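In what follows, a structure is listed as structure tokens, so that the remarks can point back to it.
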Amino acid sequence: SHKIVEYLGDGGWLDVNIEYVHEDKPLGTAGALSLINPRLSSPFILVNGDIVTDVCYREMLQYHLDLSPGATVAVRTHVMENPYGVIRIVDNEVLSFEEKPKYSSDINAGIYVLNPELLEQMQVGVYVDTPDVLMRLLGNGGRISAYRLKANWVDVGRPNDLFTARKDKDESTTSI
């Protein structure tokens, strides 16, 4: 966090005002929001710290405002390929072969637009993750919209993913 504060400062050089919230103990991916004082009064964007993306936040915010849900979650399709041939068996009889099948899922991209009312349901200084906040919203009859990402997006939360992202960046900026 100190590197972010050192780099961005108060945001004046970017023509924005930045204020920081510091956790005394880990509060999860959403718990620090409970420390914001004064409370926010309009929808806001929350981004996991291990995401590298070039999403247009303005478009995502406008999408949220147009649909008026309690929250909007950025989603993207993730495809996994099984490196092996898959055999379907019933009663020890082979029924089919599928060579290296691909499975696709919509995943949470760790980018959100949240309405400030969600903050009112949070206890100050209590650990909570963003998916828990969203599940509570759904449980109370609220709506969550899905914003399909078309932007570049990389989760660098695991060392191998960070290494790959750095390598890809270096390769894309290297001139021949």
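The values are calculated or read from the model by the stated rules, or taken from the named source; none is laboratory data. Predicted, not measured: the structure shown is a model, and the values here were computed from it. Please note: Cβ atoms are built from the backbone with ideal geometry, for glycine as well, and neighbour counts cover all protein chains shown. Accessible surface areas use protein heavy atoms only, side chains included; no ligands, DNA or RNA. Shrake-Rupley method; radii C 1.70, N 1.55, O 1.52, S 1.80 Å.
Cβ separations smaller than 6 Å between residues 6+ apart or across chains give no pair from region 119-144 residues that are touching a residue at least 12 places away in the same chain (Cβ under 8 Å) and within 19 Å of Leu40 (Cα to Cα) to residues that are among the aliphatic types (A, V, I, L, M) and part of a loop (DSSP other than H, G, I, E, B). Applying the selection to region 92-126, what residues are assigned to a loop (DSSP other than H, G, I, E, B) and open to solvent by 70 Å² or more (accessible area, probe 1.4 Å)? Across region 92-126, the qualifying residues are Asn92, Glu99, Lys100, Gln121, Gln123, Val124. No other residue among Tyr63, Tyr103, Tyr112, Tyr57 is touching a Leu at 6+ places or on another chain (Cβ under 7 Å) and modelled with pLDDT of 95 or more apart from Tyr112.
With respect to the conditions (1) of a type outside the set (A, V, I, L, M); (2) over 17 Å from Leu118 (Cα atoms); (3) over 21 Å from the mean Cα position of the chain (by Cα), Tyr57 falls short on a single one, namely (3). Would you check if Glu23 is within 21 Å of Leu119 (Cα to Cα) and exposed (fewer than 12 other Cβ atoms within 10 Å of the Cβ)? No: the conditions fail for Glu23. The one condition from (1) surrounded by fewer than 11 Cβ atoms within 10 Å (Cβ to Cβ); (2) among the aromatic types (Phe, Trp, Tyr); (3) outside any strand (DSSP E or B) that Tyr63 does not meet is (1). Of the listed requirements (1) assigned to a strand (DSSP E or B); (2) under 29 Å from Val154 (Cβ atoms), Ile89 misses just one: (2). Within region 6-20, the residues that satisfy the criterion of being exposed (fewer than 10 other Cβ atoms within 10 Å of the Cβ) and not in a loop (DSSP other than H, G, I, E, B) are Glu6, Tyr7, Trp13. Is it the case that some residue within region 148-169 is closer than 27 Å to Glu59 by Cβ and modelled with pLDDT of 95 or more? Yes: region 148-169 contains one or more residues that are closer than 27 Å to Glu59 by Cβ and modelled with pLDDT of 95 or more. Remark: pairs (first residue in region 59-80, at positive phi; second residue basic (Lys, Arg) and open to solvent by 50 Å² or more (accessible area, probe 1.4 Å); Cβ separation under 9 Å; 6+ apart in sequence or on different chains) = Ser68/Arg143.
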